[in-house]
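What follows is a set of notes on a single structure, which appears directly below.
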Amino acid sequence: MREIFTSPELKDFLTSLASGELNLATGCAWVIIATAFSMIGGAIGGMLLAGKDLGYQLAAMLGSLFAPAGVIPAIIFGLAVLNLITNN
């Protein structure tokens with residue numbers, strides 16, 4: 001386990017992620033992070049909006065499944081625009 005955390009590849013990846021450098025690996029990482037946050041937010045929103053009507057577990061499940069449908073295209077578009085801006 002120590003070899004994984006001290007590997008130069010992971011160190012380079014975390015450095016490029018923290019510095020804001022956009023490449024394929026950091027772009028995929030940001031999409032995964034944004035998807036996870038949108039699922040959490042969708043679950044909370046589903047429970048707040050329809051928890052009493054549908055039941056809290058069903059509302060949370062539906063909210064977490066439908067929330068990334070709007071977030072993933074927006075994140076990909078935003079990363080593409082940032083990539084165009086930083087390359088010029």
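Only the coordinates and a few stated rules stand behind these numbers; no lab work does. Small disclaimer: the values here were computed from a predicted structure and weren't measured.
Contour minus end-to-end for ALA29 and ASN87, with contour as 0.36 nm per residue of separation and end-to-end as the Cα-Cα distance? Kindly include the intermediate steps, with their values, before the conclusion.
On the way: separation 58, 0.36 × 58 = 20.88 nm, distance 1.99 nm.
Roughly 18.9 nm would be gained on extension.
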*Multiply the residue separation of ALA74 and LEU48 by 0.36 nm, subtract the distance between their alpha-carbon atoms, and state the gained length in nm to one decimal.*
7.0 nm
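Hey, what did the chain get for relative contact order, percent, Cα under 8 Å, at least 6 apart?
On the way: 66 pairs, mean separation 21.7, N = 88.
The normalised contact order for the chain reaches 25 percent.
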